[in-house]
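Working notes, beginning with the structure itself.
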Amino acid sequence: MSISFRKELKDIAAYKPGKPIEDVKREYGIKHVIKLASNENPLGCSPKAVEAVKKAADQLAIYPDGNCTLLKEALANKLGLKPTQILPSSGSDEMIDQIAKTFMNKDDEIILADITFPRYITTTKMMGAKPVIVPLKNWTYGLDGMLNAITEKTKLIWLCNPNNPTGTMFSEEELLNFLDKVPSNIVVVYDEAYNEYVTRDDFPRNSIKLLDKYPNIIIMRTFSKIYGLAALRIGYTMASEEIIHNINKIRGPFNVNTMAQVAALAALEDEDFVKRSYEMNKEGKEYLYKELNKMGIEYVPSETNHIFMNVNKDANEVFEALQRKGVIIRPITGTWIRVTIGTQEQNEVFIKCLNEVI
Ligand SMILES: *Cc1c(COP(=O)(O)O)cnc(C)c1O
């Protein structure tokens with residue numbers, strides 16, 4: 001007799017992370033390695049967050065505040081919500097799992113895009129629910145296609161705006177039009193991991209006000225991207241009090257660690273750091289566009305901190321070749337790769353190496 005695993009696991013592949021910088025250095029015997037693979041902030045994080053973590057180092061023996069009281073209050077003040085409409089989590093990754101556990105029953109239909117954040121489909125399969133995959137249109141969420149995919153069995157729709165890995169966005173008008181047409185018993189998860197990077201004016205800037213009108217929407221944000229706190233694992237979610245109350249039932253009691261809470265609190269106050277990160281990303285993006293244009297490389301204009309580009313060669317081969325030169329990027333599909341916008345120096349190294357490789 002042997003143990004058996006849940007049958008849902010058969011169809012799930014473990015997440016394959018990029019190689020850490022140290023491994024690449026060792027493996028290829030190179031000194032300088034840059035990682036442009038995980039959409040991390042090349043400026044690091046706010047020095048105020050680092051200070052806060054150092055100060056909290058004498059609290060390691062004590063369980064964290066399971067309610068994240070101070071952080072919830074700070075977020076509530078900043079966003080004009082009640083603390084009971086906000087739920088911090090150990091990264092948005094954890095929240096995606098929690099949302100799945102809160103809503104999905106076996107055989108529920110779950111609508112998602114074909115090229116988007118991979119965690120959506122993993123958790124959907126994990127619950128034994130049925131993924132209904134809608135192709136992107138011009139690398140952008142096709143909201144009409146998603147509406148057309150709705151049936152009586154539809155339980156939840158995953159939206160990512162702007163989208164990872166393509167960097168594209170849909171407008172406020174498109175979002176409102178969509179939400180008006182989605183039956184109110186269907187949960188719409190709206191992942192805004194990159195909202196702070198958006199430059200276009202027609203982006204839904206004030207998504208939070210949607211909570212008043214659409215009790216079926218759940219908005220997710222993270223401190224991993226522009227705030228630069230990926231190592232600590234912290235994000236937060238906003239929804240109706242009823243939804244938050246129910247997610248709270250299945251949440252681990254101490255899911256957000258103390259360091260993450262104090263760092264997020266400090267990071268929230270450092271608006272200057274966010275502004276600098278935004279500006280550097282915007283300049284880096286313009287530089288990369290210019291160089292890619294010179295090289296004749298097709299790319300999709302990005303509203304995030306990464307650029308989706310067509311290297312006209314097998315993406316895995318280009319990934320390997322760049323890695324040998326000390327540049328880690330992410331192959332996505334076919335001949336398309338995703339590259340995080342780095343510092344000016346990193347961007348220059350990337351362009352130089354890409355030129356050599358293709
Ligand atoms: C990076 C990312 C997240 C989550 O990050 P966490 O580090 O788990 O907070 C969520 N959604 C998208 C689309 C992302 O790109």
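The values are calculated or read from the model by the stated rules, or taken from the named source; none is laboratory data. These figures come from a predicted structure and were not determined experimentally. Every residue, glycine among them, receives a Cβ derived from its backbone with ideal geometry; neighbour counts consider all protein chains shown. What goes into the accessible areas is simple: the full protein's heavy atoms, side chains included, and nothing from ligands, DNA or RNA. Shrake-Rupley method; radii C 1.70, N 1.55, O 1.52, S 1.80 Å.
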Cut-off under 5 Å, modelled amide H: who pairs with ILE332 long-range: ILE337, ARG338
Pairwise label distance in nanometres, ASP107 with LYS82, each label 7 Å out on the Cα-Cβ vector: 3.7
In Hz, Karplus ³J(HN,Hα) per residue of the stretch 182-190 (6.51, -1.76, 1.60; θ = phi - 60°; x = Gly, Pro): 6, x, 6, 8, 9, 7, 10, 9, 10
Cross-link pairs LYS155/LYS209; LYS10/LYS153; LYS55/LYS325; LYS25/LYS101 - those with Cα-Cα distance over 30 Å: LYS55/LYS325; LYS25/LYS101
Percentage relative contact order, the stretch 47-269, counting C-alpha pairs under 8 Å, at least six apart: 30
Estimated FRET transfer efficiency when R0 is 41 angstrom, pair LYS137-GLN59 (beta carbons, to 0.05): 0.25
Pairwise FRET efficiency - GLU51 versus SER184, Cβ, R0 = 45 Å, nearest 0.05: 0.50
The chain: antiparallel DSSP beta bridges as a percent of all, rounded to 5: 50
Whichever aspartates and glutamates have a C-alpha closer than 20 Å to that of LYS19, once near sequence neighbours (fewer than 8 apart) are set aside: GLU27, GLU40, ASP93, ASP314, GLU317, GLU320
Between the stretch 6-61 and the stretch 301-323, the alpha-carbon center distance in angstrom: 20
For VAL132, residues with placed amide H under 5 Å, excluding near neighbours: ILE110, ILE111, LEU112
Heavy atoms of MET259 accessible to a 1.4 Å probe, total area in Å² rounded to 10: 30
SER171-ARG276 pseudo-label distance in nm [points 7 Å out on the Cα-to-Cβ vector]: 3.5
Long-range amide H partners of VAL187 with built H, under 5 Å: LEU156, ILE157
Heavy-atom accessible area per residue - the stretch 102-223, 1.4 Å, Å²: 39
Net +/- balance of residues flanking SER302 in space, Cβ distance below 10 Å, scoring K and R +1, D and E -1: +1
Solvent-accessible area per residue for the stretch 299-345 (1.4 angstrom probe, square angstrom): 35
Accessible-area ranking of LEU9, LEU211, largest first, probe 1.4 Å: LEU9, LEU211
Heavy-atom accessible surface of the stretch 47-269: percent carbon and sulfur, 1.4 Å: 52
Calculated [θ] (222 nm, deg cm²/dmol) that DSSP helices of n ≥ 4 give over the chain, each run adding -39,500 (n - 2.57): -12000 deg cm²/dmol
Label-point separation in nm, PHE5 to LYS352, each point 7 Å along Cα→Cβ: 4.4
Vicinal HN-Hα couplings computed from phi for the stretch 41-58 (Karplus, 6.51 cos²θ - 1.76 cosθ + 1.60; Hz; Gly/Pro x): 7, x, 8, x, 9, 4, x, 5, 5, 4, 4, 4, 5, 4, 4, 7, 5, 7
Whole-Hz couplings from phi, Karplus 6.51/-1.76/1.60, listed for the stretch 333-349; x for Gly and Pro: 7, x, 9, 9, 10, 10, 10, 6, 6, x, 6, 4, 4, 5, 4, 5, 4
